[in-house]
Structures are given as structure tokens and as C-alpha cells.
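Readers should treat all values here as calculations from the given coordinates under stated rules, not as data from a laboratory. The structure displayed is predicted, hence computed values, not measured ones. All Cβ positions, even for glycine, are placed from backbone atoms using ideal geometry, and neighbour counts span all protein chains on display.
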Amino acid sequence: MTDLGWIGLSLTGRIGNKTLQALLHHFDGDTDQILRAEPKALRQVAGVGPKIAQSIQAIDLQQVEKALVHWQQMGVQMWTMRDSQYPERLKALDDAPPTLFVRGDTTFKFERSVAIVGTRSPNDPMRNFAQNLSTALVEKGYNIISGMALGIDSAAHYGALIVPEGRTAAVLGSGVLNVYPPTHERLARQIMVQGLVLGEINPQATTSPSNLVARNRIISGLSDALIVVETSVDGGAMHAARFASQQGRPVFAVESQASGNRTLIDTGASMIPMNLNQLPF
């Protein structure tokens, strides 16, 4: 049975996993107690200040339930950290998303998954390499995780999808019912046939720079390793590499003159040559 209180807390936008776990510990694991608590009691919890206390008191469970019914009718499933479907490898992260909103083939298994990320504006050889790399990994039995952005991410998804049994998952920085970029609505529907589209924010929400950065920790967290195909030193894929390193995931960078790739290799990332016969997988 869906815990409406948990979902409501997840949707406030202010409460991450650390704060939620602190609240649960303080209130004996009971989300109803959290929602009934007075501001003074809430502020006794580490990480809870006046704004978070106010946002908790503003949660309307009737509105949450109404939204959940609508989202479920639109094919969205909710996986909380208390649910068996929630990926085990994410649960180990301090900043794990309390709830995942998911569309697609919910039999998807995250074991043997590799993340492929990179710039939104790659050159043609690197775009083609990303797609061929993805296909090669899928044929070796790996799932592909990426962020469905323009450029390298979408090439990685397409590389998985062209294999009949290929499996891929897209982690969005927008709501799963509000696909970003909008031009990838068709790609999202293709992914949902052979995998999943998922995210941590309100399924109908638009994206934001902070959401796009934050979803990188989920991309890396769901994966055994992360491969950066092409990025500048200030590109978004560098966030994914940083999260992967913090999570203890191996980081690989494709042999390239791109400034981000050179920086990653110089600071310890393993290099992947442009020869797919020499993959370290």
C-alpha cells in the first residue's frame, strides 16, 4: 500500500534522504507522526529549519492522493525506499532519492548496468562512437543508463535500442510526464518499451539546472561504472564523473582531446580507446 505521507514528504522539494531519515528516526518511522507534528517538534530534528517545518505542515494528503491516482492512470509507478522494487544499489547512497517515479517496463533489473554520458553537442565521430559503444556493451549483456539529453546521452540510448533485447534506462531531470527535452518524447516512448524512464521529482514538473545536476548522482548510482564519451571541462558530464567517484564507481573516459576527457584521465579515470575491440568490459 502506498505511503501517502512518504510521497508527500518526497514531493516537498526541500527534504532529501538524509533529512527524511532523520525525521523517521525521531518519529519512530511513522510518517503520520511527522505530518501531525508541531513546528517546534519538527525543528528538534537535525537539518529541519523553519522553512522545512513549514513545508511539512503544508502537505495536503488529499491532494497527494488525487495526484497519485492521476499519475497512476498515466502509467507512472512510485517506488519508495521501503518498496522491494526500489534499486538496492541506490539505497546505499546517503543522498538516495526517497522516491522514484517510473514509467515503462518495471521488470527492468539494474544489475550489470553501465552509464554512458557526455556533451549535448558532440562531433559526429564521438556521437557515432557513443552509439556503437552502447551497442557493443549491450551485446555483452550490459544495460545502458543515461540521461536522455541531446547528443551523447541520446546516442547511448539509441545504441541500446537497436539491439532487439537491448535494455536501457533514462534518468530525467524533469518529471517523467513532462519529458525534457520535448524533442525526445518519441525516444522516451521507445525507451519505455525496452526499459524505463525515471526521475525523483514531481512527474509533471519542469526541469531546472539544479535538477539536471542532481539526476547525475542517480545515473552513476544505478551503474557499475560510468563512461564519459566526450565533454568539456565545464560540461555537465563532469558532475556525473564526480558523483561516480564519490560513490566508488569506476570512471572511464574515452580517448579524446576534449578538455574534460583529458582532465578526467589526468586525474585518475581509466582511458577507453577508440577501438571497440579493446573495451575493458
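The table below gives the values:
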| item | result |
| --- | --- |
| Mean separation of Cα contacts under 8 Å, 6 or more apart, over the residue count of segment 113-278: relative contact order % | 22 |
| Efficiency of FRET between GLN190 and ASP94 - r from beta-carbon atoms, R0 41 angstrom, step 0.05 | 0.75 |
| Cα-based helix-to-principal-axis angle, 124-139 vs the chain, degrees rounded to 10 | 70 |
| DSSP beta bridge pairing in the chain, given as percent antiparallel to the nearest 5 | 30 |
| Straight-distance crosslink candidates among lysines, where the alpha carbon sits under 20 Å from LYS109 and sequence neighbours closer than 8 are dropped | LYS91, LYS140 |
| Mean shadow area of segment 1-73 over all directions, Cα convex hull, nm² | 4.7 |
| Rounded to 10°, Cα long-axis angle of helix 209-221 versus longest principal axis of the chain | 70 |
| Segment 114-185: trypsin sites (Lys or Arg not before Pro) in DSSP coil with no more than 14 other Cβ atoms inside 10 Å | LYS140 |
| Helix 61-73 axis, angle to the chain major axis (alpha carbon atoms, nearest 10°) | 30 |
| Modelled FRET efficiency - R0 30 Å, ARG262 with ARG14, Cβ distances, 0.05 increments | 0.20 |
| Surface/4 of the Cα convex hull for the chain, nm² | 14.4 |
| Neighbour cut-off at most 14 other Cβ (10 Å), DSSP loop, trypsin sites (Lys or Arg not before Pro), segment 211-259 | none |
| Radius 12 Å from Cβ of GLY175, net charge of other residues (Lys, Arg +1; Asp, Glu -1) | +1 |
| Around ARG43: net Lys/Arg minus Asp/Glu count, Cβ-Cβ under 14 Å | +2 |
| Taking the chain and dividing mean pair separation by its residue count, relative contact order in percent (alpha carbons under 8 Å, at least six apart) | 16 |
| Neighbour-limited loop hits for GluC sites (Glu not before Pro), segment 155-209 (at most 10 other Cβ within 10 Å; DSSP other than H, G, I, E, B) | GLU165 |
